[in-house]
1. Over all directions, average the projected area of the Cα convex hull of the stretch 332-391 and note it in nm².
2. Length gain on complete extension for the stretch residue 398 to residue 97, per 0.36 nm per residue less the alpha carbon to alpha carbon distance?
3. Which order do peptides 236-242, 351-357 fall in by mean Cβ count within 10 Å, highest first?
4. Looking at the square roots a ≥ b ≥ c of the eigenvalues of the Cα gyration tensor of the stretch 369-442, which shape do they give, rounded for a/c under 1.5, prolate if a/b is larger than b/c, or oblate?
5. So for each of 10-20, 410-420, 434-444 I average, over its residues, the number of other beta carbons within 10 Å; can you give me the resulting order with the highest mean first?
6. How much of the calculated P(r) for the stretch 310-424 lies past 17 Å, in percent of all Cα pairs?
7. Can you give me the three principal axis dimensions of the stretch 77-190 from its C-alpha atoms, in Å, biggest first?
8. How many angstrom lie between the Cα centre of the stretch 126-195 and the Cα centre of the stretch 236-250?
């Protein structure tokens with residue numbers, strides 16, 4: 001069995017360089033592209049997650065003692081920066097000198113050390129100024145990154161950095177609120193509607209840990225699960241997932257009525273057939289045994305066709321290939337139909353433990369349609385980047401009844417920089433992480 005914490009070929013990983021996060025899948029003998037550099041990542045395969053690597057030429061080299069390196073850097077410095085003058089003459093190395101050193105093979109950490117050594121003001125800087133100077137030069141001349149295993153927090157941060165609209169602007173704090181308010185745990189029957197690249201699906205499946213049932217309602221022919229596919233879930237975790245198309249949800253509530261109508265129609269037609277059907281006379285023995293000229297000609301033609309089929313030909317081989325492909329397609333359609341019927345049976349039982357909605361569509365029709373599939377005393381959680389959409393849901397739920405403790409909340413997040421002797425709030429932050437509508441289902445007295 002392969003170690004869990006080891007990077008394997010075909011895994012999706014996150015490359016962290018500073019505050020930048022990049023999600024990608026790695027393979028052997030295939031280069032990757034990062035920060036305008038093209039290089040091979042083969043040396044990282046088989047190494048544990050969390051290791052740090054430097055790009056050297058067109059390959060990577062593992063950094064063994066990054067912590068010791070950070071402790072030794074900036075260990076001594078001046079009391080303050082009053083005597084420093086930013087006149088552009090503190091660095092003795094020119095741009096041409098740096099280009100010449102790179103052409104001679106001097107790269108990475110060695111180049112940064114040369115730049116620091118030729119700086120006339122580096123030793124007189126404070127420890128904090130030295131650390132900022134080193135960080136700036138490393139980001140410019142040294143391509144260093146850390147390989148991390150994908151997690152919900154990292155995926156949320158990666159989407160918020162690159163394309164927040166793809167995951168509906170869900171921050172990690174909002175994601176934690178969705179999971180907490182929904183009481184997501186192993187063994188539940190979860191009804192999920194999401195259009196955020198499978199990010200919420202990944203968070204729910206991680207907590208279910210292969211126990212329970214999850215029915216995902218999707219609007220596309222095939223659910224979009226980009227974030228889920230990059231999470232490297234084991235197969236037993238994926239078995240809890242069932243997909244059901246959104247355009248067939250209304251049919252679940254009509255099937256019982258249609259089945260009753262169908263039973264009535266079958267009974268009526270059977271009764272009419274028994275009452276009005278004339279008696280059929282069976283053919284005589286002579287008619288059945290007497291050969292005819294037409295029958296003889298038909299038998300002769302069939303015999304000739306059989307004789308021709310005994311001789312192999314190109315057309316026959318093509319026909320065999322077509323039949324094989326048709327059989328494969330038929331088997332695939334049958335499997336898809338069986339999975340669809342299984343998801344339909346789960347929904348028809350109407351024993352879902354939680355309803356989660358995080359969709360780009362208007363949530364009110366989805367909520368009012370699916371809430372009848374949830375058991376009493378269960379949680380309903382609806383996420384939307386816009387408050388107005390949830391206000392409409394709030395109003396409809398109050399009129400419909402069956403849900404108590406309805407509330408709309410917004411999570412406020414302040415991010416802090418935590419470093420020795422310089423901990424402070426970050427200068428930039430997200431304005432909003434979206435809004436949540438939560439409630440608890442109850443039984444209505446009729």
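Quick note: the coordinates plus some simple rules give every number you see, no bench work behind them. Please read these numbers as outputs of a predicted model, since none were measured by experiment. Ideal geometry is used to build each Cβ from the backbone, glycine not excepted, and the neighbour counts take in all protein chains shown.
1. Details: hull surface 20.7 nm².
For the stretch 332-391, averaging the hull's shadow over all directions gives 5.2 nm².
2. Values: separation 301, 0.36 × 301 = 108.36 nm, distance 7.28 nm.
Full-extension gain reported as 101.1 nm.
3. Working: 236-242: 15.7, 351-357: 22.1.
Packing order, densest peptide first, comes out as 351-357, 236-242.
4. Values: a/c = 4.33, a/b = 2.68, b/c = 1.61.
In terms of gyration-tensor shape, prolate.
5. Values: 10-20: 15.7, 410-420: 10.6, 434-444: 18.4.
Highest to lowest by the protection proxy: 434-444, 10-20, 410-420.
6. Values: 4713 of 6555 pairs.
When every Cα pair of the stretch 310-424 is considered, 72 percent fall beyond 17 Å.
7. 67, 37, 25
8. Each part's Cα centre sits 27 Å from the other's.
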